[in-house]
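Below: the structure, in structure tokens.
FYI, it's all coordinate maths here, none of it is from the lab. What you see is a predicted model, and the numbers here were worked out from it, not measured in a lab. All Cβ positions, even for glycine, are placed from backbone atoms using ideal geometry, and neighbour counts span all protein chains on display.
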Amino acid sequence: MLARPAALTAADYRDPARFAAERRLLARHWQFVGFSDELLEPGSWLVREIAGEPVLVQDFDGELRALRNVCSHRFARLRAGEAGTATGPLRCPYHGWTYDRDGVPVGIPGNGDCFGLDREGKRALALTRYELDRLGRFLFVRVEPGGPSLVDWLGPHATLLQALSDGMSAPFAQEAQPWAANWKVGVENVLEVYHVDAVHPDSFRTVVDGSWRVEPSGLHSVGYAGIRPEAQRWWVGAGKRLGLIPVEALAGVEGYVHLLLFPNLAIGVTAGRMMSVQTLEPTGPETFTLRYRLCLAKAREGASKAALAAVTGHLSALNSQLLSEDRAVCGEVGAGLRHVDGAALLGVNENRIRHFHDMIQAQLGGGAA
Ligand code: FES
Ligand SMILES: [Fe+2]
């Protein structure tokens, strides 16, 4: 028999203690939070929950900082919402404490009469600061300090990320969606193309040809799929019309390349001309947020706005369709997992999932299965 049971059992997808352990695992890894394009304006900010921590990433006069989004006084959230642009200092909406870029409360209304905090006292109340690093326009935050630098963590994939950062435009579509399954169900779903015939007959199946080659690389892994001739012709035609410059750094630029940066950042590149960046962000043992961004390769001057709108409209619709198909089937897996105890059976065409499980087990101290 070629197939073997998975390393993880159904309980590993619903047990709250396991979920807490995996959150700590996420805290130890660099997490993609967005593109620097989103934080170009002075005072622009975004908020993400990473491994249970509310993280505020904000521009302070051209310098980006990642701080805990909770006031040190009586714990109001400092920024409400997902993103925005603020003028003036970082100010708590409750009693108006203001913070500097180091997270120190430098402005405390009535300090002399009510708190009597000197410099040291204020410093002791500084917001927790998180590590923030970037590879080109890709911004990453790590909640738990220490561990490898971003470049070391990316390993051989740093070159590819830099090429994508240089070669891809700002997103033409993005969204965050709640999915009803454990986050690992979502990751596993992007690690194989076995489901494509059954789940995506009219969407992704029209793009990929069913071939699949997998390369584990440390914690991460890469999958390569061929593109069907009709899809290849479409991309060459659309590329010419829009003057797209394919990102050449990809081995297999004529195909579909899918990178998983452990544990939950998935980057798919189609024909070197479109990039999908997905983060699968755990929100509970049986829920996660799927956040995606779609980007086209940069174009030479001269493409018409109408042609660009037609291409991006088509690609957005195709992406929405295939995500709704994946979301539905992952919801079914999430529901099914409540009723079983054993481990799934993984075929050799699902070896990338086996690698993912082994890396999780090794990281959690359980050893590779
Ligand atoms: S809770 Fe922020 S100033 Fe009081
Ligand atoms: Fe899918």
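Near Arg352, once Lys and Arg are set to +1 and Asp and Glu to -1 for all other residues with Cβ below 11 Å from its Cβ, the sum equals -3. The Cys residues in the chain with no partner Cys Cβ within less than 4.7 Å of their Cβ are Cys114, Cys295, Cys330. What's the local net charge at Leu318, with K and R +1, D and E -1, over the other residues with C-beta under 13 Å away? Here the count lands on -2.
The base-10 log of I(q)/I(0) for the stretch 158-363, evaluated at q = 0.13, 0.19 Å⁻¹, reads -0.72, -1.54 [Debye formula, identical scatterers on Cα atoms, solvent excluded]. For a label point 7 angstrom out from the Cα of Ala299 toward its Cβ, which stretches of the stretch 158-197 have the backbone nitrogen within less than 13 Å? In the stretch 158-197, the label zone of Ala299 (backbone N under 13 Å from the point 7 Å along Cα→Cβ) covers 169-170, 172.
Comparing Gly331, Ala317, Val257 along the charge dipole axis of the chain, the residue lying farthest to the positive side is Ala317, per the Cβ-charge model. Which shape class, rounded, prolate or oblate, goes with the chain when its Cα gyration tensor gives a ≥ b ≥ c as root eigenvalues, a/c under 1.5 marks rounded, and past that a/b bigger than b/c marks prolate? Since a/c reaches 1.5 but b/c is at least a/b, the shape of the chain is classed as oblate.
Taking the centroid of alpha carbons for each part, the stretch 273-323 and the stretch 73-127 are 37 Å apart. The modelled label-to-label distance for the pair Arg129/Ser149, using points 7 Å beyond Cα in the direction of Cβ, is 1.9 nm. At a temperature of 37 °C and a viscosity of 0.692 mPa s, determine how fast the stretch 15-83 diffuses translationally according to Stokes-Einstein, using the Kirkwood radius over alpha-carbon pairs as Rh; express D in µm²/s, rounded to the nearest whole number. Roughly 247 µm²/s, to the nearest whole number.
Take the alpha carbon atoms of the stretch 1-47, find their center, do the same for the stretch 139-204, and report the distance between the two centers in whole angstrom. For the stretch 1-47 versus the stretch 139-204, the Cα centre distance is 11 Å. Taking a Cβ cut-off of under 11 Å around Gln278, the surrounding Lys, Arg, Asp and Glu residues balance to a net charge of -1, with basic ones at +1 and acidic ones at -1. Using just its DSSP H runs of length 4 or more, each adding -39500 (n - 2.57), the chain gives a mean residue ellipticity at 222 nm of -8500 deg cm²/dmol after division by all residues.
Placing a pseudo-label 7 Å from each Cα along the Cα-to-Cβ vector at Ala76 and Ala306 gives an inter-label distance of 5.2 nm. Which of Gly103, Gly255, Gly121 ends up with the largest GNM mean-square fluctuation for the chain, with Cα atoms connected below 10 Å? Judging by the Gaussian network model, the answer is Gly121.
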